[in-house]
Amino acid sequence: MKILVLCKRHPMGRDLVERPYGRFFYLPANLQLMGHEVRMALFDHRHSTTWAGRRHGLEWTTFDPLRHPVSVMRNLHALVQDFLPDWIIGFS
C-alpha cells in the first residue's frame, strides 16, 4: 500500500529531518518496515532550508507554506499525482 504522511517539520520543537521523533517518525517508519511504501511531506513554518531525499529509510520532502503558499499546493498536488497514494495521513 502507498501511504503519504503530511505533518509539521518541527513538532514539539524538534526537526524531524535532523532528528526523528515520536509518532511523527516511528509510525511511518514501522509502516515502511511492514512493507508499505511511505513518503513524508513536511510543512516548515520556521523557514528552514528545504530538503528532499531519502533519510532514515523514508522518502522526505519539505515545503515552506508561509513563504510560497501557491507553489506548495502545486508541488503537493504534483507529489500526489506522481505517487498516487492509497492513503493520506496527517499529523499535527
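The values are calculated or read from the model by the stated rules, or taken from the named source; none is laboratory data. Note that this is a predicted model, so its numbers are computed, not measured. Glycine gets a Cβ as well: all are built from the backbone with ideal geometry, and neighbour counts include every protein chain shown. Remember, those area values only see protein heavy atoms, side chains included, never the ligands or the DNA or RNA. Shrake-Rupley method; radii C 1.70, N 1.55, O 1.52, S 1.80 Å.
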For this session: Quickly estimate the mean residue ellipticity at 222 nm for the chain, helices only: each DSSP H run with n ≥ 4 gives -39500 (n - 2.57), and the total goes over all residues, rounded to 500.
Result: -9500 deg cm²/dmol
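Given an 8 Å cut-off on Cα distances and at least 6 residues of separation, report the relative contact order of the chain as a percent. Let's see the in-between values first.
Working: 138 pairs, mean separation 36.5, N = 92.
Rounded, it is 40 percent for the chain.
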Exercise. Rounded to the nearest 0.05, what FRET efficiency do Phe83 and Lys8 have when you use their Cβ-Cβ distance and R0 = 22 Å?
Worked result: 0.65
Exercise. When the dipole is taken about the Cα centre of the chain, and only Lys, Arg (+1) and Asp, Glu (-1) are charged at their Cβ, what size is it in debye, to the nearest 20?
Worked result: 240 debye
For this session: Kindly write out, for the range 56-66 in residue order, the coupling ³J(HN,Hα) from the Karplus curve 6.51 cos²θ - 1.76 cosθ + 1.60 (θ = phi - 60°), rounded to whole Hz, with x marking Gly and Pro.
Result: 6, x, 10, 8, 10, 9, 10, 10, 10, x, 7
Exercise. Hey, rough spin-label estimate for Trp51 and Leu27, points 7 angstrom out along Cα→Cβ, what's it come to in nanometres?
Worked result: 2.1 nm
Seminar exercise, completed: the chain: spread of alpha-carbon positions along the three principal axes, whole Å, largest first, is 36, 30, 21
Problem set entry | Solvent-accessible area per residue for the chain (1.4 angstrom probe, square angstrom) | 60 Å²
Seminar exercise, completed: Counting only residues 5 or more apart in sequence or on a different chain, those whose built amide H sits under 5 Å from that of Leu6 are Ala41, Ile89, Gly90, Phe91
For this session: For the range 86-92, just list the computed ³J(HN,Hα) in residue order, Karplus coefficients 6.51, -1.76 and 1.60, θ = phi - 60°, integers in Hz, with x standing in for Gly and Pro.
Result: 7, 9, 10, 10, x, 10, 10
Exercise. Between Asp44 and residues 5 or more places away or on another chain, which pairs have amide H atoms under 5 Å apart, with H built 1.01 Å from N, and which residues are they?
Worked result: Arg9, Phe63, Asp64
Problem set entry | Accessible area in the full protein assembly, largest first, 1.4 Å probe, for Leu16, Leu66, Leu6 | Leu66, Leu6, Leu16
